[in-house]
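Heads up, the thing below is written out as structure tokens.
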Amino acid sequence: MASTILFRKGLRSGCYPLRPFATRSSRMHTTLTPSPPKAIPLVYHPLYSGTVPFDLLPTGHRFPMQVFRGIYERLQELQSEGRVRHQVHAPDLSLPYLRQRLLLCHEQEYVDRFVSGGLTAKELRRIGFPWSEGLVWRTLSELSGTMLAAELALEHGIALSCAGGTHHAHRDFGSGFCIFNDLAVTAVGLLREGAARRILVVDADVHQGDGTAAILAGESGAFTLSIHCGDNFPARKQRSDLDVSLPRGTGDEEYLSALAESLSSTIGNFGPPDLVLYDAGVDVHEDDSLGHLCVTDEGIYRRDKLVIDTCLAWGVPLAGYVGGGYAEDLSDLVDRHLSLFLAANELWGEAARGAEGLRQQ
Ligand SMILES: [Zn+2]
């Protein structure tokens, strides 16, 4: 049903229909499916996986570019089986304010050099991707999707994107498969426009959210919580508002209790936020090829439920993002990432039923 994706004219043939940062006015996004009641807004764009004709990465590259499409397709199957309820939204790549938003958190010179293909070989090595025009579009689609999910979360209470969480990108350089920091750009944009006064970034990827911490350090309306493996990339950590550094081999119980404690102490220090941006990286998994923690499938599901449930209990909107995850077998990886979407469906469904029950009393 929802598999009809509206390609912008020209994408199918490999032509680029718009200049990055085109300023023509346009709708914020395109709604792709009719809205079933209580369905969770789901943000997706085919460019998340650098869809054909964009051949972005060489064969065997470590970054699982196709996982985003895999997540979306699995969710569409689950929706057709009645196991999840989503309403799909596609981010708009021609957002007139995309460049303006980027410049809130990134140096103009860096943004322009990336968009025009002017980064040095050294800078690209640090990012880990070869440059291409397709990579620019892919990067902007992910950023726009992250922003859209946050806006939808503020409107509906929850929203999820099938990508997002580029937390290693700094103001003037990219790193670790991250070019622009979608979480920071989204948070600062919403704070500046007054859509939220206090935003909490909960970063549960196994790697520290160093770029997010550095960019948001001076933002009094933003609070960064990073729970990660201390003995892992990046070697040089930044200072989040709250860092929870776990030793190698940490398993489910220690991991979950550290997370629960950090969430409650964040609320104690920062107070309840207006919005949570949740990076649900699954590279905490015991079989992940880049993580060093020992969290199981069940542990990840419990983690995602813990974060979502906490937000529901606080009455705070949550925008969830896929974050990192690395495995040889793409279907294993898709299954791990599904945790976020299944946990959200379970809890959102319960919350909706609870609210319906209250109305009927
Ligand atoms: Zn990671």
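Any read-out appearing in this document is the output of simple, stated calculations on the displayed coordinates, not a laboratory observation. What you see is a predicted model; the values in this text were computed from it and never measured. In this analysis, Cβ positions are derived from the backbone assuming ideal geometry, glycine residues included, and neighbour counts consider all displayed protein chains.
Calculate the tail of P(r) for the chain: the fraction of all Cα-Cα distances greater than 29 Å, expressed in %.
Tail fraction, whole percent: 34.
Using mean Cβ contacts within 10 Å as the protection proxy, how do 315-326, 293-304 order, highest first?
The most tightly packed comes first, giving 315-326, 293-304.
Which value, in debye to the nearest 20, describes the size of the charge dipole of the chain about its Cα centre when Lys and Arg Cβ atoms bear +1, Asp and Glu Cβ atoms bear -1, and nothing else is charged? Don't skip to the answer; put the middle values down first.
Numbers: 33 positive and 44 negative charges, 297 e Å.
With Lys and Arg at +1 and Asp and Glu at -1, about 1420 debye.
Can you give the Kirkwood hydrodynamic radius for the range 116-254, in Å, rounded to one decimal and based on Cα pairs? Walk me through the numbers before you get to the answer.
Numbers: mean 1/r = 0.0633 Å⁻¹.
Hydrodynamic radius (Kirkwood, Cα only) of the range 116-254 equals 15.8 Å.
Using the Cα centre of the chain as origin and beta-carbon charges of +1 (Lys, Arg) and -1 (Asp, Glu), tell me which of Thr59, Gly82, Val115 is placed farthest towards the positive end of the dipole.
The listed residue farthest towards the positive side: Val115.
Please find the FRET efficiency linking Arg62 to Ala351, where r is the Cβ-Cβ separation and R0 is fixed at 35 Å, and quote it to the nearest 0.05.
Calculated value: 0.40.
Which percentage, to the nearest 5, of the DSSP beta bridges contained in the range 34-360 is antiparallel?
If we restrict to bridges inside the range 34-360, about 5 percent are antiparallel.
Could you give the length gained on full extension between Arg248 and Asp172, defined as 0.36 nm per residue of separation minus the Cα-Cα distance, in nm?
24.3 nm
How would you rank Met147, Met65, going from fewest to most other Cβ atoms within 10 Å of each one's own Cβ?
Exposure proxy ranking, most exposed first: Met65, Met147.
Which ordering of Cys178, Cys229 is given by a fewest-first count of other beta-carbon atoms within 10 Å?
Cys229, Cys178
With a 10 Å Cβ neighbour count serving as the proxy for reagent exposure, in which order, fewest first, do Glu142, Glu123, Glu81, Glu133 appear?
Sorted ascending by nearby Cβ count, the order is Glu81, Glu133, Glu123, Glu142.
Which value at 222 nm does the chain reach when only helices count, each DSSP H run of 4 or more adding -39,500 (n - 2.57), with the total divided by all residues and rounded to the nearest 500 deg cm²/dmol?
Working: 10 runs with 147 residues, N = 361.
Taken over the chain, the calculation gives -13500 deg cm²/dmol.
Rounded to the nearest 0.05, what FRET efficiency do Thr120 and Ala313 have when you use their Cβ-Cβ distance and R0 = 51 Å?
According to the calculation, E is roughly 0.60.
If you take the charge dipole of the range 34-360 about its Cα centre, with +1 on Lys and Arg Cβ and -1 on Asp and Glu Cβ, which of Leu318, Thr296, Pro96 is farthest toward its positive end?
Pro96
Once the dipole of the chain is set up with Lys and Arg at +1 and Asp and Glu at -1 on Cβ about the Cα centre, which of Ser265, Pro130, Gln238 lies farthest towards its positive end?
Projecting each Cα onto the dipole axis, the largest value belongs to Pro130.
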